[in-house]
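**Student:** Once you've had a glance at the structure underneath, I'll fire off some questions.
Every number in this text was worked out from the coordinates using simple rules, so none of it is lab data. A quick note: this is a predicted structure, and the numbers were derived from the prediction, not measured. Note that each Cβ is placed from the backbone with ideal geometry, even for glycine, and that neighbours are counted across all protein chains shown.
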Amino acid sequence: MPVLTDRVDIANARLKFASGCTANVTASRISRERVRKVRFFQKDAYVSIDYASQELEHWSLARREGRLPAIEGGKVEVAREEPLKLELADFARCGPHPHGAARHGADGRRALALAQRVTDAIDRA
């Protein structure tokens with residue numbers, strides 16, 4: 001949606017996957033805060049990934065016979081590293097291993113196709 005310019009300044013996409021998982025993704029060029037988050041909603045579970053702070057939360061509904069369901073979970077420990085460094089190292093590892101590169105290439109093509117579908121939907125709106 002154009003807000004401050006004649007181009008798309010902010011977009012929100014709700015992605016539903018064949019597995020039943022749903023992801024909400026928002027991108028904004030005009031936000032005052034640097035936010036890099038993705039959230040996944042599944043039956044009886046919720047996962048929140050904050051790429052900027054490198055934090056992960058996982059919550060799920062625990063069902064126990066004879067008791068009320070309870071929400072369990074919280075922050076999950078993750079190794080904090082420089083994302084671009086990890087991305088480049090992963091790419092470099094694909095070089096000498098053609099099978100690994102093909103796998104990553106297929107994943108990249110699927111991600112790009114999904115991004116194009118979101119962009120096309122924005123253009124039609």
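**Student:** Could you please give the count of residues in the stretch 68-87 that are surrounded by 10 or more Cβ atoms within 10 Å (Cβ to Cβ) and under 14 Å from S53 (Cα atoms)?
**Tutor:** Residues flagged as surrounded by 10 or more Cβ atoms within 10 Å (Cβ to Cβ) and under 14 Å from S53 (Cα atoms) within the stretch 68-87 amount to 6.
**Student:** How many residues does the stretch 22-60 contain that are of a type outside the set (D, E, K, R) and over 22 Å from V78 (Cα atoms)?
**Tutor:** Qualifying residue count, the stretch 22-60: 6.
**Student:** Looking at R39, R34, R29 in this structure, which one is of a type outside the set (D, E), closer than 23 Å to L15 by Cα and surrounded by 14 or more Cβ atoms within 10 Å (Cβ to Cβ)?
**Tutor:** R39
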